[in-house]
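What follows is a short report on a single structure.
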Amino acid sequence: MKHHLILRVITKILIPPILLFALYVQFHGDFGPGGGFQAGVIFSSAFVLYALVFGLEEVQKVASPGLVLACAAMGVLLYGGVGFASFLFGGNFLNYSVFFDPHHPHEGQHLGILLVELGVLITVASVMIAIFYAFAGHEPEPEDEDW
């Protein structure tokens, strides 16, 4: 792919807007369609595009397989940690209204949803990248001549 200069330049131009759009979908998810899952898939698509154009080895320099798996675990821990924190504050699992003043439960709701959706974004993006790594890292099996 080194000889496809235009493709490489266009990819470098497109990746920042893709990542920015993923963050827009993430933070706009409180007020409209979108949220962590959709943003995670969009975010991971930038890494997949980079890998398709520049090669798997290049994208693994940016996001190593170990880092990707660690981020997947951190996203799940963030999601579960918000639920566990609501237990500590005396509420039910993922009851966000206990995080702030009881007279203003909407503030806790906003923070709780934001943190949970961030955990979902991190988990989904990491798992999608890990799945891509798993499929892209395998060499195709040779054709069986005797068949």
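Listed here are the residues, each with its yes/no results for (1) more than 21 Å from Val48 (Cβ to Cβ); (2) surrounded by 15 or more Cβ atoms within 10 Å (Cβ to Cβ); (3) among the hydrophobic types (A, V, I, L, M, F, W, C).
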| residue | (1), (2), (3) |
| --- | --- |
| Leu67 | no, no, yes |
| Ala72 | no, yes, yes |
| Gly75 | no, yes, no |
| Gly80 | yes, no, no |
| Phe84 | yes, no, yes |
| Phe87 | yes, no, yes |
| Phe93 | yes, no, yes |
| Val98 | yes, yes, yes |
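Tell me which residues, restricted to segment 49-65, are of a type in the set (Val, Ile, Thr) and surrounded by fewer than 17 Cβ atoms within 10 Å (Cβ to Cβ). So that I can check it myself, show each step before the final result.
In the first step, residues of segment 49-65 are kept if they are of a type in the set (Val, Ile, Thr); the result is 53, 59, 62.
Residue satisfying the conditions is Val62 alone.
I want to confirm something. Restricting to segment 107-147 and keeping residues that are more than 18 Å from Glu57 (Cβ to Cβ), more than 13 Å from the chain's Cα centre (by Cα) and buried (at least 20 other Cβ atoms within 10 Å of the Cβ), which single residue is modelled with the lowest pLDDT?
Ranking the qualifying residues of segment 107-147, first place goes to Gly108.
Take segment 1-30 and flag every residue that is among the charged types (D, E, K, R), at pLDDT below 90 and within 22 Å of Ala125 (Cβ to Cβ).
Asp30
The values are calculated or read from the model by the stated rules, or taken from the named source; none is laboratory data. All values reported here derive from a predicted model rather than from experimental measurement. In this analysis, Cβ positions are derived from the backbone assuming ideal geometry, glycine residues included, and neighbour counts consider all displayed protein chains.
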